[in-house]
Amino acid sequence: MSGKMLMKGNIAIAEGAIDAGCRFYAGYPITPQNEIPEYMSKRMPEAGGVFMQAESELISINLVFGASVAGARSMTTSSSPGMSLMQEGISYMAGCELPGVIVNVMRGGPGLGNIAPSQSDYFQAVKPGHGDFRMITLAPSNIQEMYDFTFEAFDLADKYRNPVMILTDGLLGQMMETIELSRGRKPLNPRPASEWALTGAKGREPRKILSLLMKPGALEQHNYDLWKKYDEIKKSELRYEFNEKEKDYDCLIVAFGSVARTSKGVIAEGKDIKAALFRPVTLWPFPYAELREAAKKAKKVFVFEMNMGQMVEDVRLAVQDDSKVEFYGRPGGGLPSQEELLSFLRKKVK
Amino acid sequence: MTEKIMIAGSGGQGVLMLGLFLARVAAMEKKNATWLPAYGAEKRGGFSHCSVIISDEEIFSPMVENPDTLIVFDQRAYDSYKSRVKENTLVIQNSTLVKDDEALPGKKVKLPALEMANRLDLAKVMNVIMAGAYVAAKKVINAENAVEELKSSLGRKESGVIKKNIDAFKAGMEYAGKK
């Protein structure tokens, strides 16, 4: 497979993982991410890896935990309700400093919700689980990025020995788009598992990987150490898309994932409005300072989301001027159209 | 060039496959393309539709609100989407199952795709006939590439089936070309 081809978002995630050297996948069926486990059940054995259909998402994440302890590049995928079940395991992995890639193809909630696209798990991704931990969260906006970000997520997870999340939605999971795979690209493997994984202590000192630290002060120190790592991630791994050339704007649109691409259409169509797009690509770490700078010259900052207002809270923290910030969102699987967003923009600008 | 296509009909008529086919040919031609299916509790006979966008530029939202081309397989699909038809919209309608609304604007290609498919003794090729009509009526993708894609996507089928598909595609092209 090379050159330009048409690929479904969910399949691009699976291919990105295989190309990055992921050799352990565990999952449980849930729409709209079902193509990933289906495809992995065939592809993973072909690639010499292990595919496991778990009996629940709780087991999926703990299988990934186990594979990661043993040093395998591993991944699980699910959609919103399944992600709630994984929170305990993700926290354990963060506590144990274990790499792993977790993909959430978001659908409408709360509860069992529906199977339509949504961005309602932003909070859960950037403020995950129990305990003081953070997780790099990448938000792709097209199918090329579904592949690229998943590929890169494995190196990021290894580099920091930390879980990494791909936060996407049913629209990007289910749609197909032309992409180009870079099959020659090799994963960097920045921190080989042989240096830390539990592989049997023959010929070396035994290692321990655990998150239970009962000795007085030990857990407090562990948290300080984790935060040193998180501060390093904030400095080194921040990503966002902001076209510096679009200097001539008085409206700044902030959107991520699939809404960001619709927002680009809004800007292209609404020639009567001077607007630019700021797209956070890492949702954690969030580009606060860069967004603050970009918002300075804007009269209004518009936040568009497929929820009732989650990322907007981070945008408000960044902009530090609530009177500037306008929000438009659709919950429960509602898809904002280009026309709808443009008419909101026009109404507020006039 | 950006071409926004909306395709609608009933589950089993090949609505999603038609969209996929057009997007694949576009990819073969190094164009950008998106294909967005309506997904849900899909079943044979249920309402089915998809959006396809083909472009030389970056494609923004994959959702088609105002199509440049509307392809409809049956009356329910036609009634659901005809309000989106504008002066410049190309409407390709399966006249076997769609009663034309004469008051509707747009450039129309009315072809009896189901009858034509039955004449080829393979009702399943109705969507391929519609594809042929589209390729002839709107020169966005190349007919030869379309035939190539048809052959490669049917690769494992028996040769008789492949021939019927190619005949169906050409019949659709011819019908639309005459109009």
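The values are calculated or read from the model by the stated rules, or taken from the named source; none is laboratory data. Since the model is a prediction, treat every value here as computed from it, not as a measurement. Reconstructed Cβ throughout: ideal geometry from the backbone, glycine too, with neighbour counts over all protein chains shown. For the accessible areas, the whole protein counts, side chains as well, though only heavy atoms, and no ligand, DNA or RNA atoms are used. Shrake-Rupley method; radii C 1.70, N 1.55, O 1.52, S 1.80 Å.
Listed values, structure above:
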| item | result |
| --- | --- |
| Test for A:Phe327: is it more than 14 Å from every other protein chain (Cβ to nearest Cβ) and open to solvent by 40 Å² or more (accessible area, probe 1.4 Å) | yes |
| Residues satisfying the stated conditions in segment A:238-266, i.e. within 14 Å of chain B (Cβ to nearest Cβ) and either buried (at least 16 other Cβ atoms within 10 Å of the Cβ) or without any contact (Cβ under 8 Å) to a residue 12 or more places away in the chain (or both) | A:Ile253, A:Ala255, A:Gly257, A:Ser258, A:Val259, A:Ala260, A:Arg261, A:Thr262, A:Ser263, A:Lys264, A:Gly265, A:Val266 |
| Residue match in segment A:24-43 (condition: more than 20 Å from the chain's Cα centre (by Cα) and closer than 26 Å to A:Ala94 by Cα) | no |
| Pairs with Cβ under 6 Å, 6+ apart, first in segment B:49-64 and more than 10 Å from every other protein chain (Cβ to nearest Cβ), second among the acidic types (Asp, Glu) and buried (at least 22 other Cβ atoms within 10 Å of the Cβ) | none |
| Search result, residues across segment A:272-290 that are open to solvent by 40 Å² or more (accessible area, probe 1.4 Å) and not in a loop (DSSP other than H, G, I, E, B) | A:Tyr288, A:Ala289, A:Glu290 |
| Options A:Leu58, A:Leu112: the member that is in contact (Cβ under 8 Å) with a residue 24 or more places away in the chain, in a loop (DSSP other than H, G, I, E, B) and open to solvent by 60 Å² or more (accessible area, probe 1.4 Å) | A:Leu112 |
| Residue list for segment A:13-57, filter: within 18 Å of A:Gly173 (Cα to Cα) and among the aromatic types (Phe, Trp, Tyr) | A:Tyr25, A:Tyr28, A:Tyr39 |
| Residue list for segment A:78-92, restricted to those being among the hydroxyl-bearing types (Ser, Thr, Tyr), farther than 13 Å from A:Val64 by Cα and part of a helix (DSSP H, G or I) | A:Ser80, A:Ser84 |
| Hey, A:Gly95 of a type in the set (Gly, Ala, Ser) and either surrounded by 24 or more Cβ atoms within 10 Å (Cβ to Cβ) or assigned to a loop (DSSP other than H, G, I, E, B) (or both) or not | no |
| Residues (within 7 Å of another protein chain (Cβ to nearest Cβ), in contact (Cβ under 8 Å) with a residue 12 or more places away in the chain and open to solvent by 20 Å² or more (accessible area, probe 1.4 Å)) located in segment B:21-34 | B:Arg24, B:Asn32 |
| In segment A:296-324, the residues that are open to solvent by 50 Å² or more (accessible area, probe 1.4 Å), charged (D, E, K, R) and within 22 Å of A:Leu138 (Cα to Cα) | A:Glu313, A:Arg316 |
| Residue within segment A:134-142 that is among the charged types (D, E, K, R), surrounded by fewer than 24 Cβ atoms within 10 Å (Cβ to Cβ) and in a loop (DSSP other than H, G, I, E, B) present | yes |
| Out of A:Glu232, A:Glu293, A:Glu269, sole residue that is open to solvent by 70 Å² or more (accessible area, probe 1.4 Å), out of contact with any strand residue (DSSP E or B) (no Cβ under 7 Å at 6 or more places or on another chain) and either assigned by TED's automatic domain parsing to the domain that holds A:Ala139 or among the polar types (S, T, N, Q) (or both) | A:Glu232 |
| Residue that is least open to solvent (accessible area, probe 1.4 Å), among those in segment B:35-48 that are at pLDDT below 95 and within 7 Å of another protein chain (Cβ to nearest Cβ) | B:Pro37 |
| Residue ranges of helices (runs of 4 or more DSSP H) in segment B:83-179 with at least 2 members of a type outside the set (Lys, Arg) and over 16 Å from the mean Cα position of the chain (by Cα) | B:113-119, B:143-153, B:159-178 |
